[in-house]
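Q: Just dropping this structure here.
The values are calculated or read from the model by the stated rules, or taken from the named source; none is laboratory data. Remember, it's a predicted structure, so these values are computed and weren't measured experimentally. Neighbour counts are summed over all protein chains in view; Cβ atoms, including those assigned to glycine, are modelled from backbone coordinates with ideal geometry. For the accessible areas, the whole protein counts, side chains as well, though only heavy atoms, and no ligand, DNA or RNA atoms are used. Shrake-Rupley method; radii C 1.70, N 1.55, O 1.52, S 1.80 Å.
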Amino acid sequence: MKKYSEMTEAELRSEIGVLKEKARKAEQLGIINEFAVYERKAILASSFLLDPADFKKDEIYRIEGDPGVFFKIDYLKGVYAWGYRLGGTVEAEAIPIAMLVPAGEMF
């Protein structure tokens, strides 16, 4: 199996489709842990379709799927944004860039 970083755009899109279908089936079967794993993998694969240069240091973003929570980027490493949740803990964390939405965009 190829790493996401080695896949073409078409391969990534296909992989994302497969992962979302597996997540849907796991959810229907009530296997929540498996559902979460496939969802997270799909988000990570989606991050490889984005350009990290579009995400800026010191900018504030909303976290997709976590309403009302904002994230400030300290730096980027690959397809991960490292920074802090505003109003959250003081510990830095990494979030795949596919989970970040500019704070000005509400939907």
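Q: Tell me the Rg and the Dmax, in Å, that the Cα atoms of segment 48-90 produce.
A: Both quantities, over Cα of segment 48-90: 10.5, 30 Å.
Q: Per residue of the chain, what 222 nm ellipticity follows from adding -39500 (n - 2.57) for every DSSP H run with n ≥ 4, rounded to the nearest 500?
A: On the way: 2 runs with 36 residues, N = 107.
When only DSSP H runs of four or more count, the value is -11500 deg cm²/dmol.
Q: Still on this structure, please answer the following. Could you work out which residue, out of 69, 90, 37, moves most in a Gaussian network model of the chain, that is, has the largest mean-square fluctuation with Cα springs under 10 Å?
A: Maximum among the listed residues: 90.
Q: Okay, moving on. Assuming a strict under-24 Å limit between Cα atoms, what lysine pair count do you get for the chain once near-sequence pairs (fewer than 8 apart, same chain) are dropped?
A: The number of close lysine pairs in the chain is 20.
Q: Would you work out the relative contact order for the chain, in percent, from Cα pairs under 8 angstrom that are 6 or more residues apart?
A: On the way: 143 pairs, mean separation 21.9, N = 107.
Value for the chain: 20 percent.
Q: As I understand it, the dipole of the chain uses +1 on the Cβ of Lys and Arg and -1 on the Cβ of Asp and Glu, about the Cα centre. Which of 65, 28, 83 lies farthest toward its positive end?
A: 28
Q: In addition: Quantify, in whole percent, the carbon and sulfur part of the accessible surface of segment 1-59 (1.4 Å probe; protein heavy atoms only).
A: Exposed carbon and sulfur together represent 53 percent of the surface.
Q: Ordering 75, 80 by how much accessible area each has at a 1.4 Å probe, largest first, what is the list? Could the numbers behind the result be given before it?
A: Details: 75 115, 80 85 Å².
Accessible-area ranking of 75, 80, largest first: 75, 80.
Q: For the chain, what is the charge dipole size about the Cα centre, in debye to the nearest 20, if Lys and Arg each add +1 at the Cβ and Asp and Glu each add -1 at the Cβ?
A: Values: 15 positive and 18 negative charges, 43 e Å.
About 200 debye.
Q: Any idea what the dipole of segment 1-57 comes to, in debye rounded to 20, about its Cα centre with Lys/Arg Cβ at +1 and Asp/Glu Cβ at -1? List each step's numbers first, then the result.
A: On the way: 11 positive and 10 negative charges, 29 e Å.
Using Cβ point charges on Lys, Arg, Asp and Glu, segment 1-57 gives about 140 debye.
Q: Calculate the tail of P(r) for the chain: the fraction of all Cα-Cα distances greater than 25 Å, expressed in %.
A: 27 percent
Q: Moving on to the next point. Hey, what angle do you get for helix 9-28 against the long axis of the chain, alpha-carbon based, 0 to 90 degrees rounded to 10?
A: Computed tilt is about 80 degrees.
Q: Once you have the Cα-Cα distance between residue 101 and residue 66, take 0.36 nm times their residue separation minus that, and quote the gain in nm to one decimal. If you can, show how the numbers build up before the last one.
A: Working: separation 35, 0.36 × 35 = 12.60 nm, distance 1.10 nm.
Stretched out fully, the residue 101 to residue 66 stretch lengthens by 11.5 nm.
Q: Just tell me the longest site-free run in the chain, where the sites are GluC sites (Glu not before Pro) in a DSSP loop having at most 16 other beta-carbon atoms within 10 Å. Spell out each step's value before the answer.
A: Values: sites that count: 59, 64, 91, 105.
No qualifying site falls inside 1-58, the longest such stretch.
Q: Same structure, new question: Using a simple spin-label model with points 7 Å from Cα along the Cα→Cβ vector, what separation in nm is obtained for residue 3 and residue 58?
A: 3.2 nm
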